[in-house]
Amino acid sequence: MLKLYLKAISLIAPGLKDWQTAQQVLTQVNHYQHHPIDKKLSTLLPPNEHRRCTRTTQLALSAVQQLLEHYPLSSQTIRYIFSSCNGDLTIFHHISSALTHINRPVSPIKFHNSVHNAPAGYCSIVLQSQQASSSITGYKDSFICGLLDASVQSLSHQQDALLCGYDEIPPKALLSLYPITDDFSYALLLSPEKEQAICRLEIKITEEQTISTMKDATLEQLRQSNPQAKILPLLYAIANKQNALLYFNNNQQQIAIQVNEF
């Protein structure tokens with residue numbers, strides 16, 4: 001069993017522009033209304049780098065920026081984990097299409113952005129950090145894959161870990177393979193230390209076959225719209241200060257998360 005603490009949350013989702021807005025919706029103070037995420041997102045990148053980065057990278061860096069605005073910390077003392085369904089599918093589609101044309105006209109900038117750890121690289125520029133980072137993928141289970149990786153790294157290295165999950169709507173040609181219908185990103189700050197924590201998480205493998213969902217139909221639709229949106233039941237429990245036992249799938253393994261509020 002993995003036991004650690006959650007210290008900070010950020011969120012960028014349709015109708016949920018930040019964690020503060022999401023808390024109002026998840027606690028039913030405000031009704032959920034689906035609004036597309038802004039086309040332009042702040043990243044804190046220098047102008048030249050900002051122009052080069054893709055929508056996928058913007059989603060990731062904007063979530064990191066939002067978290068750091070509400071929870072300032074030393075970027076040199078934490079580990080970074082980035083999780084995505086399959087990286088930048090828009091860039092993948094563009095390069096794959098270019099290779100079918102005469103002379104194969106692949107833009108150097110697009111090739112530069114095609115690597116799976118491009119958001120991690122841009123993040124290191126923003127934070128001027130030389131700390132280790134991991135960039136992983138788990139297709140439809142990318143949220144729980146990222147959470148497991150970040151938890152193990154945080155506990156094994158006894159360091160705070162910043163987990164960022166992000167996925168954008170892919171090009172139409174790839175929608176049948178990657179049925180993602182909404183952009184979505186988040187960032188979590190995980191820690192082995194209790195100080196200033198929001199709640200404690202206990203994560204373990206279980207034989208329980210249940211998958212945690214959202215009772216509200218519109219939020220359940222959002223949960224199913226993006227691999228990263230599977231975090232919503234966890235965010236619901238935290239927003240409502242519930243001691244909850246939640247279930248997620250991870251590559252045919254069942255994972256249970258016990259949320260313990262203080």
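Every number here is computed from the coordinates shown, using simple stated rules; none is lab data. Not measured: the values here are computed from a predicted model. When we count neighbours, we look across all protein chains shown, and the Cβ atoms used for this are built from the backbone with ideal geometry, even at glycine.
Before moving on, here are some points about what is shown:
- Residue, surrounded by the fewest Cβ atoms within 10 Å (Cβ to Cβ), within region 51-83, restricted to residues that are in contact with a Pro (Cβ under 7 Å, 6 or more places away or on another chain) and of a type in the set (A, V, I, L, M): Leu61
- Where Phe248 falls short, out of the listed (1) buried (at least 22 other Cβ atoms within 10 Å of the Cβ); (2) under 19 Å from Asp183 (Cβ atoms): (2)
- Candidates His116, His93, His112: the one that is surrounded by fewer than 17 Cβ atoms within 10 Å (Cβ to Cβ), in contact (Cβ under 8 Å) with a residue 12 or more places away in the chain, under 24 Å from Arg52 (Cβ atoms) and touching a Leu at 6+ places or on another chain (Cβ under 9 Å) is His93.
- The set of residues in region 200-220 being touching a residue at least 12 places away in the same chain (Cβ under 8 Å), assigned to a helix (DSSP H, G or I) and over 26 Å from Tyr5 (Cα atoms) consists of Thr218 alone.
- Screening Glu202 with (1) more than 15 Å from Leu147 (Cβ to Cβ); (2) surrounded by fewer than 22 Cβ atoms within 10 Å (Cβ to Cβ) gives one miss only, at (1).
- Single match in Ser129, Ser124, Ser135, Ser151 (criterion: assigned to a helix (DSSP H, G or I), more than 16 Å from Lys3 (Cα to Cα), touching a strand residue (DSSP E or B) at 6+ places or on another chain (Cβ under 9 Å) and among the hydroxyl-bearing types (Ser, Thr, Tyr)): Ser124
- If you go through region 57-83 and keep only what is closer than 12 Å to Ala120 by Cβ, of a type in the set (Ser, Thr, Tyr) and not in a strand (DSSP E or B), you end up with just Thr57.
- Residue within region 175-194 that is among the charged types (D, E, K, R), buried (at least 22 other Cβ atoms within 10 Å of the Cβ) and outside any helix (DSSP H, G or I) present: yes
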